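Trainee: Below is the structure I would like to discuss, written out as structure tokens.
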Amino acid sequence: MTNKKQNWKPATQLVHSGVLRSGFGETAEAIYLTQGYVYDTAEAAEARFKGEEPGFIYSRYANPTVDMFEKRMCALEGAEDARALASGMAAVTAAILCSLKAGDHIVAARALFGSCRWVVETLAPRYGIEATLVDGTQIENWEKAVQPNTKLFFLESPTNPTLEVVDIAAVAALANSIGAKLVVDNVFATPLQQKPLELGAHIVVYSATKHIDGQGRCLGGVILSDKEWIDENLHDYFRHTGPSLSPFNAWTLLKGLETLPLRVRQQTENAAKVADFLAGRPEVSRVIYPGRADHPQADIVKKQMKGGSTLICLDLKGGKKSAFAFENALDIILISNNLGDSKSLITHPATTTHKNLTDEARTELGIGDGTLRISLGLEDADDLLEDIEKALKAAG
Ligand SMILES: *Cc1c(COP(=O)(O)O)cnc(C)c1O
């Protein structure tokens with residue numbers, strides 16, 4: 001067992017941290033595909049239920065393979081404790097609902113992944129939780145939204161799909177000043193490019209479906225925080241409502257973590273090259289890429305991110321017609337609403353991921369008819385640029 005705190009750099013942690021090696025001495029992490037656990041004696045069962053003896057009880061509560069994934073994520077994030085969940089949305093929903101009760105108020109940035117926005121705007125109010133959505137790029141907007149019953153702030157940065165950046169340290173300081181907590185959905189940044197806990201956030205959530213798997217195979221999510229918050233707020237909810245991650249998926253995600261730094265580095269390099277190429281093209285009216293000097297919040301990017309993004313957002317001058325022609329002319333970059341994959345993927349948010357928003361809400365978020373989001377994969381950058389150049393010609 002190597003669960004002690006290690007003074008390793010991320011690439012080493014991602015290969016070795018959290019391993020629970022069985023008596024067989026296997027190299028790769030074992031998949032413990034079991035629902036339950038047996039006890040040698042009635043006394044041993046009693047002791048385990050009393051918490052006097054360590055050990056697993058039931059895989060809805062905890063499982064050795066899932067435990068390895070949680071411990072590896074803790075090492076990477078610098079968090080005391082974590083729970084792995086069946087999807088990113090299971091993680092976001094649990095992080096929000098377990099922080100609040102009827103009568104409380106949440107302030108969230110309005111630029112949110114679609115399902116996250118539904119949880120805040122539609123689900124939470126059904127249980128008596130008031131919600132205010134703000135333009136998160138200005139700290140004054142967060143301050144103005146505070147009420148006496150504000151208990152939670154929620155944001156993602158960079159945001160989907162326009163890659164806006166929110167000043168995490170400033171929102172965390174505001175949360176601390178009123179005794180509230182800050183939850184950061186860190187999916188777009190990845191755990192390598194941004195460390196919300198170091199910036200003052202209290203809870204970090206991931207859709208492990210994205211870069212952590214990164215190869216399009218399985219869904220997963222994770223919540224990381226201090227031990228006290230997990231014990232007091234999440235522990236019982238997690239045991240009794242059953243959002244737990246399958247051991248098989250945990251194993252897949254463990255294997256994903258081993259190559260995460262290599263993939264994120266290559267995908268970020270590809271994204272930077274594609275962003276620079278697009279910025280010089282006459283068919284393109286706007287390129288948003290955290291890492292370029294012309295990003296609207298370039299100063300905050302510099303302050304809180306260790307690298308650029310694996311995603312870029314662009315606007316084509318010809319609107320929806322051009323955007324569709326561009327997508328349809330691509331051979332390598334695939335049309336898909338997913339992201340963080342080894343395959344490059346492109347999305348037209350206005351007609352897919354953000355089609356349920358009102359025209360007004362889309363305009364507020366900067367999503368136009370010509371807006372496209374590209375998630376860069378692991379292909380050769382020259383092939384990608386050739387594919388894009390050909391598609392730009394088709395887009396006119
Ligand atoms: C994908 C995503 C989610 C939801 O994750 P699932 O694993 O699909 O449930 C939440 N937040 C962000 C920013 C995402 O990209």
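Trainee: Collect the residues in segment 97-112 that are surrounded by 22 or more Cβ atoms within 10 Å (Cβ to Cβ) and either out of contact with any Leu (no Cβ under 9 Å at 6 or more places or on another chain) or of a type in the set (S, T, N, Q) (or both), keeping them in residue-number order.
Mentor: Ser99
Trainee: Can you tell me how many residues in segment 358-387 are touching a residue at least 60 places away in the same chain (Cβ under 8 Å) and closer than 23 Å to Pro296 by Cβ?
Mentor: Here is the first cut: in segment 358-387, the ones touching a residue at least 60 places away in the same chain (Cβ under 8 Å) are 361, 364-367, 370-371, 373-379, 381, 384-385.
Then keep just the ones that are closer than 23 Å to Pro296 by Cβ; that gives 361, 364-367, 370-371, 373-376.
The qualifying residues number 11.
Trainee: Of everything in segment 22-59, what is open to solvent by 40 Å² or more (accessible area, probe 1.4 Å), farther than 22 Å from Ile212 by Cα and touching a residue at least 12 places away in the same chain (Cβ under 8 Å)? Give them in sequence order.
Mentor: Answer for segment 22-59, where residues must be open to solvent by 40 Å² or more (accessible area, probe 1.4 Å), farther than 22 Å from Ile212 by Cα and touching a residue at least 12 places away in the same chain (Cβ under 8 Å): Thr34, Gln35, Tyr37, Gly55, Phe56, Tyr58.
Trainee: Kindly indicate which of Met89, Met68 is crowded, with 18+ Cβ neighbours inside 10 Å, assigned by TED's automatic domain parsing to the domain that holds Glu164, within 16 Å of the ligand (Cβ to nearest atom) and not aromatic (Phe, Trp, Tyr).
Mentor: Just a single option satisfies the conditions, and that option is Met89.
Trainee: Just to be sure I understand the filter: pairs with C-beta atoms under 8 Å, separated by 6 or more residues or on different chains, first member in segment 251-272 and farther than 17 Å from Val187 by Cα, second member at pLDDT below 95. Which pairs pass?
Mentor: Every condition considered, the pairs that remain are Ala272/Gly291; Ala272/Gly308.
Trainee: Restricting segment 347-378 to residues that are among the aliphatic types (A, V, I, L, M) and out of contact with any strand residue (DSSP E or B) (no Cβ under 6 Å at 6 or more places or on another chain), which is surrounded by the most Cβ atoms within 10 Å (Cβ to Cβ)?
Mentor: Going through segment 347-378, the residues among the aliphatic types (A, V, I, L, M) turn out to be 350, 357, 361, 365, 367, 372, 374, 376, 378.
The next check asks that each one be out of contact with any strand residue (DSSP E or B) (no Cβ under 6 Å at 6 or more places or on another chain); those that pass are 350, 357, 361, 365, 367, 376, 378.
Working: Ala350: 21, Leu357: 18, Ala361: 15, Leu365: 22, Ile367: 24, Leu376: 30, Leu378: 16.
Restricting to residues being among the aliphatic types (A, V, I, L, M) and out of contact with any strand residue (DSSP E or B) (no Cβ under 6 Å at 6 or more places or on another chain), the top hit is Leu376.
Trainee: Determine which single condition Ala275 fails, assuming it passes every other condition in (1) open to solvent by 10 Å² or more (accessible area, probe 1.4 Å); (2) part of a helix (DSSP H, G or I).
Mentor: Condition (1) is where Ala275 drops out.
Trainee: Among Ala84, Ala47, Ala42, which is the only one that is in the same structural domain as Gly216 (by TED's automatic domain parsing), among the small types (Gly, Ala, Ser) and within 16 Å of the ligand (Cβ to nearest atom)? Quick ask: steps written out before the conclusion?
Mentor: Numbers: Ala47 fails: within 16 Å of the ligand (Cβ to nearest atom); Ala42 fails: within 16 Å of the ligand (Cβ to nearest atom).
Just a single option satisfies the conditions, and that option is Ala84.
Trainee: What is the one condition in (1) in contact with a Pro (Cβ under 9 Å, 6 or more places away or on another chain); (2) in a loop (DSSP other than H, G, I, E, B) that Ala94 does not satisfy?
Mentor: Every listed condition holds for Ala94 apart from (2).
Trainee: Here's another thing I want to ask about it. With the structure loaded, tell me whether His235 is within 30 Å of Pro290 (Cα to Cα), modelled with pLDDT of 95 or more and of a type outside the set (A, V, I, L, M, F, W, C) or whether it fails that test. Even if it seems obvious, please write down each step before you answer.
Mentor: Values: within 30 Å of Pro290 (Cα to Cα): no; modelled with pLDDT of 95 or more: yes; of a type outside the set (A, V, I, L, M, F, W, C): yes.
Here the answer is no, as His235 does not meet what is asked.
Trainee: Then there's this: Filter segment 123-154 down to residues that are outside any loop (DSSP other than H, G, I, E, B), closer than 22 Å to Val187 by Cα and out of contact with any strand residue (DSSP E or B) (no Cβ under 9 Å at 6 or more places or on another chain) and give me whichever is most open to solvent (accessible area, probe 1.4 Å).
Mentor: By that ranking, first place goes to Ile139.
Trainee: Mind checking which residues of segment 301-318 are within 17 Å of Leu278 (Cβ to Cβ), surrounded by 15 or more Cβ atoms within 10 Å (Cβ to Cβ) and of a type outside the set (Asp, Glu)? Spell out how you get there, then give the answer.
Mentor: Narrowing segment 301-318 to residues within 17 Å of Leu278 (Cβ to Cβ): 308-318.
Now restrict to residues that are surrounded by 15 or more Cβ atoms within 10 Å (Cβ to Cβ): 308-316, 318.
Passing the criteria: Gly308, Ser309, Thr310, Leu311, Ile312, Cys313, Leu314, Leu316, Gly318.
Trainee: In this structure, is Gln215 within 15 Å of the ligand (Cβ to nearest atom) and outside the structural domain of Ser115 (by TED's automatic domain parsing)? Spell out the reasoning first.
Mentor: On the way: within 15 Å of the ligand (Cβ to nearest atom): yes; outside the structural domain of Ser115 (by TED's automatic domain parsing): no.
The answer is no for Gln215.
Trainee: Turning to a different aspect of this structure: Out of the residues in segment 119-175 that are over 20 Å from Val204 (Cα atoms) and basic (Lys, Arg), state the one that is farthest from the ligand (Cβ to nearest atom).
Mentor: Ranking the candidates gives Lys144 first.
The values are calculated or read from the model by the stated rules, or taken from the named source; none is laboratory data. These figures come from a predicted structure and were not determined experimentally. Cβ atoms come from the backbone with ideal geometry, glycine included; neighbour counts cover every protein chain shown. SASA here: full protein model, heavy atoms, side chains in, ligands and nucleic acids out. Shrake-Rupley method; radii C 1.70, N 1.55, O 1.52, S 1.80 Å.
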